[in-house]
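Accompanying notes for the structure given below.
The values are calculated or read from the model by the stated rules, or taken from the named source; none is laboratory data. These numbers come from a predicted model, not from an experiment. We place every Cβ from the backbone using ideal geometry, glycine too, and count neighbours over all the protein chains shown. The protein model used for the area step is the full one, side chains on, heavy atoms only, and it has no ligands, DNA or RNA in it. Shrake-Rupley method; radii C 1.70, N 1.55, O 1.52, S 1.80 Å.
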Amino acid sequence: MKQTYNSFIDAVKDIYDGATIMVGGFGLCGIPENLIVALSKTGVKDLTVISNNCGVDDWGLGILLKNKQIKKMISSYVGENKEFERQYLSGEIEVELIPQGTLAEKIRAGGAGIPAFYTPAGVGTPIAEGKEVRIFGGKEYILETALTADFSLVSALKADAMGNLVYNKTAQNFNPNVATAGKITIAEVEEIGAIDPAQVHTPGIYVQRLIVGHKEKRIEKRTVQKVV
């Protein structure tokens with residue numbers, strides 16, 4: 001049985017100043033939105049955040065960004081967040097931009113206990129500066145090190161009492177890899193109940209805490225069709 005919380009604040013209150021956290025999701029899809037809001041209320045600061053991007057200006061990780069709680073962001077793009085762009089260009093936040101596939105593999109490798117790997121992504125660009133280069137099959141590859149975190153925050157559709165998780169369609173995105181790479185993984189889910197073992201996306205061995213909560217599931221960029 002995994003520890004189940006009734007309060008989002010209680011679930012994250014031991015995340016400390018200077019901690020490294022990983023956050024699942026892609027834009028606003030599949031983000032642990034309630035855990036992020038709770039973290040914004042704890043006042044924790046100087047966080048290093050590893051996530052595909054930084055949400056939008058008023059939601060998701062954008063809340064922590066606006067509160068100046070993030071010291072460093074490790075992500076693949078600035079995205080739709082104007083405040084992220086402003087802080088980056090003004091030097092208020094340290095940003096490490098990584099090719100999206102490389103970021104996903106760095107997280108996956110960290111969760112699998114693989115310290116480093118070679119990839120062709122970034123060869124011959126500033127990304128390769130200072131990194132080991134080797135040739136395999138006549139092609140250059142650069143060495144990338146894995147990523148892990150003190151805490152991982154993920155969002156799932158459903159969990160069972162043992163912490164096994166099922167994600168909803170594309171909300172899988174970065175969540176399964178992020179769930180494996182944190183020393184303590186906190187899963188925000190919509191319900192807890194029985195799960196068919198064949199449908200499990202993340203085994204409960206990776207999950208330490210569960211909390212059930214309602215999600216707003218905001219749309220990052222709404223488009224509508226005009227009927228003529």
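Structure notes:
- Odd one out for G18, checked against (1) open to solvent by less than 10 Å² (accessible area, probe 1.4 Å); (2) small (G, A, S); (3) more than 23 Å from E220 (Cα to Cα); (4) out of contact with any helix residue (DSSP H, G or I) (no Cβ under 8 Å at 6 or more places or on another chain): (1)
- Any chance T148 is among the hydroxyl-bearing types (S, T, Y), touching a helix residue (DSSP H, G or I) at 6+ places or on another chain (Cβ under 9 Å) and open to solvent by 80 Å² or more (accessible area, probe 1.4 Å): yes
- Among the residues of the range 69-77, at least one is farther than 21 Å from N175 by Cβ and out of contact with any helix residue (DSSP H, G or I) (no Cβ under 9 Å at 6 or more places or on another chain).
- Hey, E129 within 14 Å of the chain's Cα centre (by Cα) and farther than 22 Å from G60 by Cβ or not: no
- Scanning the range 34-47 for residues that are touching a Gly at 6+ places or on another chain (Cβ under 8 Å) and closer than 15 Å to L153 by Cβ, we see that the one that is surrounded by the fewest Cβ atoms within 10 Å (Cβ to Cβ) is N34.
- A146 being within 30 Å of D46 (Cβ to Cβ) and either of a type in the set (D, E) or in contact (Cβ under 8 Å) with a residue 24 or more places away in the chain (or both): yes
- Residues within the range 146-171 that are assigned to a helix (DSSP H, G or I) and within 13 Å of the chain's Cα centre (by Cα), tallied: 1
- The range 156-199 - residue that is of a type in the set (D, E) and surrounded by fewer than 23 Cβ atoms within 10 Å (Cβ to Cβ) and, of those, nearest to N34 (Cα to Cα): E190
- Condition met for L28 (modelled with pLDDT under 95, open to solvent by less than 60 Å² (accessible area, probe 1.4 Å) and under 24 Å from Y167 (Cβ atoms)): yes
- Count of the range 216-227 residues which are acidic (D, E) and either in a helix (DSSP H, G or I) or touching a helix residue (DSSP H, G or I) at 6+ places or on another chain (Cβ under 9 Å) (or both): 1
- Residue in the range 200-215 that is of a type in the set (F, W, Y) and in a strand (DSSP E or B) present: no
- Number of residues in the range 172-198 that are among the β-branched types (V, I, T) and in a helix (DSSP H, G or I) equals 2.
- Annotation: of all residues in the range 69-99 being under 15 Å from I21 (Cα atoms) and in contact (Cβ under 8 Å) with a residue 24 or more places away in the chain, the one that is most open to solvent (accessible area, probe 1.4 Å) is K71.
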